[in-house]
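Chemist: First, the structure itself, so that you have it in front of you.
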Number of protein chains: 2
Amino acid sequence: MADKREMFRNYISQQGLKLTRQREIILDEFLRAAAHLSTEELYHRVRKKHSHIGYATVYRTLKLLAECGLAKERDFGGGQSLYEVAHRGYHHDHLICVECGEIIEFENARIEELQKQVAHEHGFVMTDHRLEIYGRCAKCSSS
Amino acid sequence: MADKREMFRNYISQQGLKLTRQREIILDEFLRAAAHLSTEELYHRVRKKHSHIGYATVYRTLKLLAECGLAKERDFGGGQSLYEVAHRGYHHDHLICVECGEIIEFENARIEELQKQVAHEHGFVMTDHRLEIYGRCAKCSSS
DNA sequence: TTAAGTGCAAACTTTTTGCACTGGC
DNA sequence: GCCAGTGCAAAAAGTTTGCACTTAA
């Protein structure tokens, strides 16, 4: 987490941007979040402690975080996009409960491999992918 | 295609809805489209021939088509959602060129199987999934 | 000092909705 | 004739932007 703040500072200065109090607050609150956050949710969390911070700043900062690789924008449909803390080095996909909304992250090397193969078969060079599995989680299935 | 119109009529009457001229026009134009259409695009196509049809009607009809299984809503990000003609019976995924925007549909039974397995490992019962592979297509890679 | 950043409100984009009128059944 | 559907315009909902003021470097 400390290294992520470091990364942010590096990026900021490299780009000739400025490290403002707001950006630090928003970054900290973002890193504190375990799950996938909407801009709205992050805005409210930030607001609880720092009521002066505006909506636009949260949007702008979240974009900045995505730009520098600390955040990843995810669009699961349903209007707004969610951001998650980027786990550097490995790609993961999502398992989403259609009933309670729980989101579980997973990795599967075999699937990744097959994807690359499919892309190749169609003459594509794969740059990214996204896989979401929807279903009912254990809790929701039993009840 | 004729059977799809039939399906639509059946659904309409079963639900106690009405088969209006607008709905027929929109359905026809939708079925004519080969690729993935945004509501906006469909609206413009419909408008060319029938300038009296409103935006809201296109939205409402597209929702109706999705409801009765004739259309599938796809959200590739980028603001608006796209609809595609639902190919009944099999599920397919998408390969998307990040440069020219071309969308190719594919199926891969092995990947599907692995997905079901992943869901199972996490106690999920899979109901649906979505897989998108992003990359550069042959044309865009070479140029 | 000075250019980037902020907060606010207004603008924009996509989608939905309220309502009076129209038209299938 | 009834009630669902339509077209329009207004409202929502999410996001972006213009601008005058503030602040990090």
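Any read-out appearing in this document is the output of simple, stated calculations on the displayed coordinates, not a laboratory observation. The shown structure was predicted, so the numbers you read here are calculated from the model rather than taken from an experiment. Note that each Cβ is placed from the backbone with ideal geometry, even for glycine, and that neighbours are counted across all protein chains shown.
Chemist: Give me Rg over Rh for the protein assembly as shown, both radii from the alpha carbons and Rh done the Kirkwood way, two decimal places.
Modeler: Here Rg/Rh amounts to 1.01.
Chemist: For the stretch B:60-143, state which trypsin sites (Lys or Arg not before Pro) are in a DSSP loop and have at most 15 other beta carbons lying within 10 Å of their beta carbon.
Modeler: B:88
Chemist: Could you tell me the calculated FRET efficiency between residue A:110 and residue B:33, based on Cβ-Cβ distance and R0 = 30 angstrom, to the nearest 0.05?
Modeler: Once the sixth-power term is evaluated, E becomes 0.25.
Chemist: Right, next: How far is helix A:109-121 tilted, in degrees, relative to the longest principal axis of the Cα atoms in chain A, given as a value from 0 to 90 rounded to the nearest 10?
Modeler: 80 degrees
Chemist: So what are the three principal axis dimensions of the stretch A:93-142 from its Cα atoms, in whole Å, longest to shortest?
Modeler: The Cα atoms of the stretch A:93-142 stretch 43, 15, 14 Å along the principal axes, largest first.
Chemist: Roughly how far apart, in whole Å, are the Cα centres of the stretch B:1-31 and the stretch A:62-95?
Modeler: Value for the Cα centre distance between the two parts: 39 Å.
Chemist: Students often forget the sequence filter, so: which lysines lie under 22 Å Cα-Cα from residue B:48 once same-chain residues fewer than 8 apart are removed?
Modeler: Within reach: B:63.
Chemist: Cα axis of helix B:39-49 to longest principal axis of chain B: angle in degrees, 0 to 90, nearest 10?
Modeler: Relative to chain B, helix B:39-49 is tipped by roughly 40 degrees.
Chemist: Can you compute the FRET efficiency between residue A:14 and residue B:41 using 1/(1 + (r/R0)^6), with r the Cβ-Cβ distance and R0 = 41 Å? Round to the nearest 0.05.
Modeler: 0.50
Chemist: Let me ask something else about it. Could you list B:58, B:85 so that the one with the fewest beta carbons within 10 Å of its beta carbon is first and the one with the most is last?
Modeler: Least to most surrounded, the residues fall as B:85, B:58.
Chemist: Whose Cβ in chain A comes nearest the axis that rotates A onto B, and by how many Å?
Modeler: A:131, 2
Chemist: Next question, about the same structure. On average, how many beta carbons from a partner chain sit within 10 Å of the beta carbon of a residue in A:132-143?
Modeler: 5
Chemist: At q = 0.13, 0.22 Å⁻¹, what log₁₀ I(q)/I(0) does a Debye calculation on the Cα points of the stretch B:2-85 give, no solvent, two decimals?
Modeler: -0.37, -1.06
Chemist: Something else about it: By how many degrees, 0 to 90 and rounded to 10, does the Cα axis of helix B:55-67 deviate from the longest principal axis of chain B?
Modeler: The answer is roughly 60 degrees.
Chemist: Could you work out Rg/(2.2 N^0.38 Å) for chain A, with Rg from alpha carbons only?
Modeler: Expressed relative to 2.2 N^0.38 Å, the Cα Rg reads 1.21.
Chemist: Now for a different question. Note down the nm distance, to one decimal, between modelled labels 7 Å out along Cα→Cβ at residue B:6 and at residue B:92.
Modeler: Placing both labels 7 Å beyond Cα along the Cβ direction yields 2.2 nm.
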